[in-house]
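Asks: Once you've had a glance at the structure underneath, I'll fire off some questions.
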Amino acid sequence: MQYIFNIGTPVMAAPLCRDFEKFKNEVYRELYHLWACGFEDERSDIANMTAGGVRAQFCDQECINLESYMKLITLHLIFTRSLPYVNLNFAGMPLSLGIDCDYSIFEENVVKCIDALYLESADRFGKPFDLKKGVPDELLEISLTEEFKTRLKGNDIRESVRKEQSDRMKSFKEKSLKVFGTIPLSVKKERHVQIRKSGTVVTRSLGERANRSTTSRNQPKGTPLEDIRHKDGNK
């Protein structure tokens, strides 16, 4: 979310660009709605992807589902840097998106989405296709405009995440050095370990514990003491 927020006005409505907390709350609200509607796998219904009462930002209100859907497509293209385009057939979208309006109005809103979200369309041969002339009943290649890709070049999300993690680890190391770097080495070696014995706490240094374990008179399990004496010739 911080990555999208940093991009700013190209991908967000102007009011949401001023306050990150407001933007974050809006995103969480939309994600909760998608989760509540079961928007996943083959059981999802993209006609229910937009919460009731939400106002369209650049489309006509009756085509708000188209606006939401194209926003997801645009975000998919932004985050997947190696994906040059997606194949879409706009002709069948009114039915799948639950849009009930004149087809001419739908075609106008398709153009609004393409312009507002910095997208461009091409036919299956890669030649530019002008949607202002009408929406064809065939697959079109929808991609980000070259100008918009240039504006995004300095905002690679993977680099941003790696830098953030690196800065966080560096901060942890500096804090650790401040805490543990001030403890003398001799104190570290003689750090006492508390051992509970017979209900009381006995304090021994690490060195004492090591010597105690090497001078233990405990016999190995399975070897009686009398057998060892008899073997050595002791009576």
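The values are calculated or read from the model by the stated rules, or taken from the named source; none is laboratory data. Because the structure is a prediction, the values reported are computed rather than measured. We place every Cβ from the backbone using ideal geometry, glycine too, and count neighbours over all the protein chains shown.
Asks: Anything in segment 42-55 that is within 21 Å of L117 (Cβ to Cβ) and surrounded by 14 or more Cβ atoms within 10 Å (Cβ to Cβ)? List them, or say none.
Replies: I46, A47, M49, T50, A51, V54
Asks: Further question on the same structure: Scanning segment 49-72 for residues that are in a loop (DSSP other than H, G, I, E, B) and not small (G, A, S), which turns out nearest to W35 (Cα to Cα)?
Replies: Among them, the one singled out is M49.
Asks: Give F90, F58, F39, F23 a once-over and let me know the one that is farther than 26 Å from P136 by Cβ, aromatic (F, W, Y), touching a helix residue (DSSP H, G or I) at 6+ places or on another chain (Cβ under 6 Å) and surrounded by 12 or more Cβ atoms within 10 Å (Cβ to Cβ).
Replies: Within the list F90, F58, F39, F23, the selection yields F23.
Asks: Looking at R81 and the list (1) surrounded by fewer than 16 Cβ atoms within 10 Å (Cβ to Cβ); (2) touching a residue at least 40 places away in the same chain (Cβ under 8 Å); (3) of a type in the set (D, E, K, R); (4) part of a helix (DSSP H, G or I), which single condition is not satisfied?
Replies: (4)
Asks: Mind checking which helices (runs of 4 or more DSSP H) fall wholly inside segment 100-210 and carry at least 2 residues that are modelled with pLDDT under 75 and farther than 23 Å from C63 by Cα?
Replies: Per the criteria, 157-180, 185-189.
Asks: Would you say S104 is surrounded by fewer than 11 Cβ atoms within 10 Å (Cβ to Cβ) and more than 30 Å from T150 (Cα to Cα)?
Replies: yes
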